Amino acid sequence: MMGDGRGARAPLLECGGEFAHPHKTSAPRCCFWLASHVNVRKCVAGIMCISVLTIFFYTYYVTVPLTSLVWRDRVPRPLSQCSLLASQQQAARDHRSDARLRIDAKVLVIVESAYSRLGRDIAELLVANRIRYKVEVAGKSLPVLTTLDKGRYGVIVFESLSKYANMDKWNRELLDKYCREYSVGVVAFATPGEETLVGAQLKGFPLFMHTNLRLKDATLNSASPVLRLARAGETAWGQLPGDHWAVFRANSSTYEPVAWALRQNEYGTEEERLPLATVVQDHGRLDGVQRVLFGSGLQFWLHRILFLDALSYLSHGQLSLSLDRWILVDIDDIFVGERGTRLHEEDVAAMLASQAALQRLVPGFRFNLGYSAKYYHHGTALENRGDDSLLRNREHFNWFCHMWNHQQPHLYNNVSHLEAEMMLNKQFAIEHGIPTNSCYSVSPHHSGVYPVHEPLYEAWRKVWDVKVTSTEEYPHLRPARLRRGFRHKGVMVLPRQTCGLFTHTLLLERYPGGRHRLDRSIQGGELFQTVINNPINVFMTHMSNYGNDRLALYTFESVVKFLRCWTNVRLASAPPLALADKYFQLRPDELNPLWGNPCDDTRHRRIWSKSKWCSTLPRVLVIGPQKTGSTALYTFLAMHPSLVPNLPSPATYEELQFFNNNNYLKGLDWYLNFFPPNLSNSSQMTFEKSATYFDGDLVPRRAHALVPNAKIIAILISPSKRAYSWYQHIRSHGDVIANNYTFHTVITANDSAPKPLRDLRNRCLNPGKYSHYLERWLAEYSSHQLHIIDGSLLRSEPAGVMNTLQKFLKISPHIDYNKLLKYDPKKGFFCQAVGNDRTKCLGKSKGRIYPPMEERSSKFLKRYYTPHNTALSKLLVRIGRPVPQWLKDELSNG
């Protein structure tokens with residue numbers, strides 16, 4: 001809705017006269033308003049509007065109850081065309097210049113506090129548009145702004161204009177110098193409580209600000225170079241949200257209005273009725289710094305697209321968003337629905353007419369129909385003719401398979417049963433000439449798509465050759481701005497969006513929150529912002545939304561026209577497979593999924609197979625790194641009655657290596673099969689050990705997504721010894737490169753060496769950069785969840801290490817490992833005591849004795865690891881962990 005002050009019965013007129021009061025409207029427009037409410041199909045020319053209004057109010061409120069009106073005779077009409085013709089639209093500006101090459105595509109946001117509302121709104125809008133950002137709290141020193149010869153940030157955003165104007169001299173001069181040298185602009189917002197006059201605070205700029213105003217009727221300056229997404233020419237009629245607006249007045253050509261509004265008091269003086277600048281651009285003619293200043297936050301929908309335009313303009317196009325927006329409208333549940341709610345023939349005709357109208361504005365647009373054929377002809381006689389009309393017009397629509405009986409796939413554990421259900425739907429399609437080659441399907445209630453139900457993906461491939469699906473559940477339903485796509489088993493999963501219509505939203509009069517709420521979503525609200533923030537939109541609707549009051553037709557025609565009125569986006573549509581290809585071209589980082597725990601989301605638990613479990617996912621992860629004693633620790637942990645290890649893998653033995661690439665893409669079901677469905681008592685917990693986790697690039701984030709409350713255990717030894725042990729380990733396993741090159745040659749290889757040699761060098765050296773990898777883990781897990789074991793103590797005093805570890809894990813009973821472990825002089829380390837002075841030790845590959853390291857290699861590694869060891873020491877002190885003796889020795893000798 002254009003403004004928050006309009007009532008639920010406000011009419012939808014053309015964009016240029018949105019929500020005008022009836023007494024301000026010409027007779028024909030007044031009649032148009034009535035026609036959308038009380039079945040007036042034609043207006044007699046010359047009838048005065050007041051007479052019509054009298055008849056309307058008497059009829060509407062006195063003689064005709066709303067519930068007695070016939071549904072299809074009072075279908076709401078969508079927005080009319082813009083006041084400016086499409087042919088008069090100006091081409092969107094291109095903000096790109098060479099200056100963008102000197103800055104990174106990242107925003108620095110300076111907020112008043114970590115909990116401020118506007119700061120959160122800014123961050124959420126940046127996240128929704130995949131714009132990278134960093135948040136700093138005002139009052140602190142500025143972060144590092146440059147890296148070598150490039151600026152780290154393309155735009156600096158201040159939540160508070162007052163805080164920006166009152167920066168201390170040192171930080172202000174530093175910021176201004178950065179902005180001038182790298183052509184970086186500033187965005188600032190006036191917030192409630194700002195001073196009435198801040199000209200002097202902006203270094204004597206002739207800019208005055210007046211606050212705490214109520215405003216209405218916003219317009220844009222078509223000459224402003226800031227506008228790109230936003231399109232000028234219309235008026236946002238009505239009161240603007242909030243009572244604390246600020247407006248700007250200036251006496252310098254460096255300032256140019258971007259947006260105006262009027263005082264709320266329409267009976268004020270002539271001066272008070274003049275347009276007031278609510279957003280201004282500072283061209284930087286006085287100090288060389290360009291700025292865009294907002295008189296309010298982001299609650300006003302127009303400010304949200306102006307903010308995106310400001311980022312684009314001030315970053316010289318580095319933060320520009322594409323103007324292309326792709327729209328697909330799915331209609332689920334075709335043939336499904338209770339009697340009295342299904343489609344009639346005239347509803348199908350209305351769909352075709354609406355589709356034709358949308359095709360003129362959205363090239364390639366077609367409604368995408370998903371059918372459950374079991375319910376064909378299950379309505380009244382009129383509704384059955386509606387089913388037949390859909391089939392007669394089948395070539396005018398796109399089609400996709402739903403489930404035959406609209407059953408949720410996660411309820412099927414047998415693939416063959418799923419295939420049989422799908423074949424029934426396919427046979428119906430073949431018999432009735434419905435195309436079967438869309439390669440697209442949607443599951444009822446999104447069941448089985450995410451969380452993944454593997455039988456569904458298998459049946460889809462076999463029966464329908466499905467390559468694309470969509471869901472609103474990945475990674476979670478809310479917040480919608482975080483919905484993402486992924487690919488699993490060759491199926492591309494697109495994020496699906498809601499449009500405010502559900503199976504129960506049949507009548508406008510019963511719309512939750514009233515018509516006011518639906519119109520507000522269309523006109524700048526959630527639906528409008530969804531299209532703005534997402535280059536590719538797959539919308540979910542249902543068959544019932546196209547009968548009854550035909551709310552879906554009203555909604556999509558209205559939002560498309562509103563987008564045309566207020567933005568320069570280029571709307572288009574395409575079949576699902578083409579959209580999926582486009583999506584992952586734009587978002588290649590989303591191809592690999594990020595599995596979450598279905599038990600942590602109530603909605604996910606409901607659409608996950610009852611035969612699956614997640615209560616026994618590991619609560620302890622031993623992450624390595626390799627050659628530090630992780631296998632010994634795994635053995636010691638398995639001795640405790642409260643700790644249950646994973647089942648062994650046929651390929652990697654005790655290590656599952658799930659969070660590394662290959663196994664991770666096999667899916668959550670693969671991982672769960674290595675853990676028991678139930679534990680013998682509630683005090684038990686499962687654990688897993690994979691030494692490759694420590695330095696895996698994606699492992700910390702993946703692990704945290706699935707087991708965010710897990711305890712993390714790392715083992716650290718001298719990185720020099722670890723590197724040498726790794727080299728000897730793979731050499732003993734027949735590695736060709738290790739057997740052809742000495743250890744010293746490997747670790748000193750430069751970047752021009754053959755790739756296999758460089759790879760071996762990296763595997764020897766990189767895991768020993770302990771602080772680097774621990775910081776990654778600490779970015780996902782709190783320091784209280786991380787336990788670091790001194791690997792030298794694990795070898796020499798394992799009982800003491802295990803006693804401390806039991807306290808960290810808070811497990812009971814507390815057992816004495818002095819009674820469970822015994823030193824084996826042949827092996828040279830502690831093993832499990834099995835009675836009669838015997839021990840059970842690890843295999844022959846463990847505890848090998850290698851030749852001593854060459855002195856030149858030892859010296860090289862000490863120099864190489866000194867900065868990394870120093871960083872590790874500082875990290876351990878910072879998180880309150882003891883510095884191991886081996887680290888102290890290496891630093892003192894270095």
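Structure summary
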item: Selected residue [at pLDDT 95 or above, open to solvent by less than 30 Å² (accessible area, probe 1.4 Å) and in a helix (DSSP H, G or I)] from Leu577, Leu553, Leu571; result: Leu553
item: Looking only at segment 500-550, and only at residues there that are open to solvent by less than 20 Å² (accessible area, probe 1.4 Å) and aromatic (Phe, Trp, Tyr), the one that is nearest to Val329 (Cα to Cα); result: Phe539
item: Output for segment 242-255, where each listed residue is open to solvent by 40 Å² or more (accessible area, probe 1.4 Å) and either assigned to a strand (DSSP E or B) or aromatic (Phe, Trp, Tyr) (or both); result: Arg249, Ala250
item: Members of segment 556-568 found to be more than 25 Å from the chain's Cα centre (by Cα), open to solvent by 10 Å² or more (accessible area, probe 1.4 Å) and over 24 Å from Thr505 (Cβ atoms), listed by number; result: Arg564
item: Test for Glu383: is it among the charged types (D, E, K, R) and either crowded, with 17+ Cβ neighbours inside 10 Å or in contact with a strand residue (DSSP E or B) (Cβ under 7 Å, 6 or more places away or on another chain) (or both); result: yes
item: Those residues of segment 360-380 which are open to solvent by 70 Å² or more (accessible area, probe 1.4 Å) and either under 25 Å from Met423 (Cβ atoms) or modelled with pLDDT under 95 (or both), in sequence order; result: Lys374, His377, His378
item: Selection within segment 757-799 - more than 34 Å from the chain's Cα centre (by Cα), free of Cβ contacts under 8 Å to residues at least 60 places away in the same chain and open to solvent by 40 Å² or more (accessible area, probe 1.4 Å); result: Arg758, Asp759, Ser796, Glu797
item: Within segment 871-889, tally of residues that are open to solvent by less than 50 Å² (accessible area, probe 1.4 Å), closer than 14 Å to Glu775 by Cβ and assigned to a helix (DSSP H, G or I); result: 5
item: Elements of type strands (runs of 3 or more DSSP E) in segment 774-867, at least 2 residues being within 30 Å of Asn762 (Cα to Cα); result: 786-790
item: All positions within segment 610-650 that are out of contact with any strand residue (DSSP E or B) (no Cβ under 6 Å at 6 or more places or on another chain), small (Gly, Ala, Ser) and either on the phi > 0 side of the Ramachandran plot or open to solvent by less than 40 Å² (accessible area, probe 1.4 Å) (or both); result: Gly624, Ala632, Ser642, Ser649
item: Verdict on Leu343 being in contact (Cβ under 8 Å) with a residue 12 or more places away in the chain and surrounded by fewer than 24 Cβ atoms within 10 Å (Cβ to Cβ); result: no
item: Meets criteria (over 18 Å from the mean Cα position of the chain (by Cα) and surrounded by fewer than 19 Cβ atoms within 10 Å (Cβ to Cβ)) for Arg117; result: yes
item: Residue among Leu343, Leu298 that alone is among the aliphatic types (A, V, I, L, M) and either over 24 Å from Pro495 (Cβ atoms) or at pLDDT below 95 (or both); result: Leu343
item: Segment 422-459, residues that are in a helix (DSSP H, G or I) and of a type in the set (Val, Ile, Thr); result: Ile430
item: Leu477 being out of contact with any strand residue (DSSP E or B) (no Cβ under 8 Å at 6 or more places or on another chain), hydrophobic (A, V, I, L, M, F, W, C) and in a loop (DSSP other than H, G, I, E, B); result: yes
item: Test: Thr498 is within 24 Å of Glu338 (Cα to Cα) and among the hydroxyl-bearing types (Ser, Thr, Tyr); result: yes
item: Residue check for Ile849: of a type in the set (A, V, I, L, M, F, W, C), farther than 25 Å from Asp695 by Cβ and modelled with pLDDT under 90; result: yes
item: Members of segment 580-618 found to be part of a loop (DSSP other than H, G, I, E, B) and of a type in the set (Ser, Thr, Tyr), listed by number; result: Ser609, Ser611, Ser615, Thr616
item: When residues of segment 136-168 are limited to those that are farther than 8 Å from Leu108 by Cβ, among the charged types (D, E, K, R) and under 30 Å from the mean Cα position of the chain (by Cα), the one least open to solvent (accessible area, probe 1.4 Å); result: Glu159
item: Matching residues in segment 211-234 - criterion: being buried (at least 21 other Cβ atoms within 10 Å of the Cβ) and either assigned to a loop (DSSP other than H, G, I, E, B) or among the hydroxyl-bearing types (Ser, Thr, Tyr) (or both); result: Ser224, Val226, Leu227, Arg228, Leu229, Arg231, Glu234
item: Filter result for Ala749 (open to solvent by 10 Å² or more (accessible area, probe 1.4 Å), assigned to a loop (DSSP other than H, G, I, E, B) and free of Cβ contacts under 8 Å to residues at least 12 places away in the same chain); result: no
item: Any hit, segment 819-833, residues being open to solvent by 60 Å² or more (accessible area, probe 1.4 Å), modelled with pLDDT under 90 and touching a strand residue (DSSP E or B) at 6+ places or on another chain (Cβ under 7 Å); result: no
item: So His744, is it surrounded by fewer than 18 Cβ atoms within 10 Å (Cβ to Cβ), modelled with pLDDT under 95 and assigned to a helix (DSSP H, G or I); result: no
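Matching residues to (1) in contact with a helix residue (DSSP H, G or I) (Cβ under 8 Å, 6 or more places away or on another chain); (2) more than 30 Å from Phe528 (Cβ to Cβ); (3) of a type outside the set (S, T, N, Q):
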| residue | (1), (2), (3) |
| --- | --- |
| Lys106 | no, no, yes |
| Ser116 | no, no, no |
| Val127 | yes, no, yes |
| Glu136 | no, yes, yes |
| Val155 | yes, no, yes |
| Phe158 | yes, no, yes |
| Met167 | yes, yes, yes |
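Residues are listed down the side, and each one gets a yes or a no for (1) open to solvent by 10 Å² or more (accessible area, probe 1.4 Å); (2) not basic (Lys, Arg); (3) not in a strand (DSSP E or B):
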residue: Gln281; (1), (2), (3): no, yes, no
residue: Ile305; (1), (2), (3): no, yes, yes
residue: Asp309; (1), (2), (3): no, yes, yes
residue: Leu328; (1), (2), (3): no, yes, no
residue: Gly337; (1), (2), (3): yes, yes, yes
residue: Asp347; (1), (2), (3): no, yes, yes
residue: Ala350; (1), (2), (3): yes, yes, yes
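The values are calculated or read from the model by the stated rules, or taken from the named source; none is laboratory data. These numbers come from a predicted model, not from an experiment. Every residue, glycine among them, receives a Cβ derived from its backbone with ideal geometry; neighbour counts consider all protein chains shown. These area figures cover heavy atoms from the full protein model, side chains too; ligands, DNA and RNA do not enter into them. Shrake-Rupley method; radii C 1.70, N 1.55, O 1.52, S 1.80 Å.
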